[in-house]
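Heads up: the structure comes next, in C-alpha cells.
The values are calculated or read from the model by the stated rules, or taken from the named source; none is laboratory data. Not measured: the values here are computed from a predicted model. Here the Cβ positions follow ideal geometry from the backbone for every residue, glycine too, while neighbour counts run over all protein chains shown.
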Amino acid sequence: MAEKSFIYDLRGLKCPLVLLKTRKKQAALPDNMTLVILSDDPLAPLDIANYCRQNNYDFEKSLENGIHHLAIIPHGKS
C-alpha cells in the first residue's frame, strides 16, 4: 500500500514562519499521513528536526537543487 503524504511548499518563508505553518498543518492532517515540507530556509531542517523529536515523529531529510525536503513521519510509519 502506498504511503499517504501531503507536500507543503513553504519555499520563500523563513523561520519561525516555516515551523509555525508546519505545526498548524500537522495538526490538521490525519494521524497516519506523512507531511513533506519543501523549504529553502537553511534553518528549517534544524527546526523541523527538533519539532519531530519533541513530538515523537520520525524525520527524514534530503536536499535537492537547493530545496530541503523534510518529511515528518507518524511514529512507526517509516
(Q) Quick check on my filter: what residues within the stretch 25-50 are in a helix (DSSP H, G or I), surrounded by 11 or more Cβ atoms within 10 Å (Cβ to Cβ) and out of contact with any helix residue (DSSP H, G or I) (no Cβ under 6 Å at 6 or more places or on another chain)? (A) Lys25, Gln26, Pro45, Leu46, Ile48, Ala49, Asn50
Q | Criterion: hydrophobic (A, V, I, L, M, F, W, C), at pLDDT 95 or above and in contact with a strand residue (DSSP E or B) (Cβ under 8 Å, 6 or more places away or on another chain) - qualifying residue of Leu63, Leu20, Leu46 | A | Leu63
Q) Just checking, how many residues over the stretch 1-51 are closer than 24 Å to Asn65 by Cα, aliphatic (A, V, I, L, M) and in contact (Cβ under 8 Å) with a residue 12 or more places away in the chain? A) 13
Q | Hits in the stretch 9-24 (condition: buried (at least 16 other Cβ atoms within 10 Å of the Cβ) and within 19 Å of His75 (Cβ to Cβ)) | A | Thr22
Q.
Step by step: first the residues of the stretch 62-73, then only those that are surrounded by fewer than 16 Cβ atoms within 10 Å (Cβ to Cβ) and of a type outside the set (A, V, I, L, M, F, W, C), then the one that is nearest to the chain's Cα centre (by Cα). Which residue is that?
A. His69
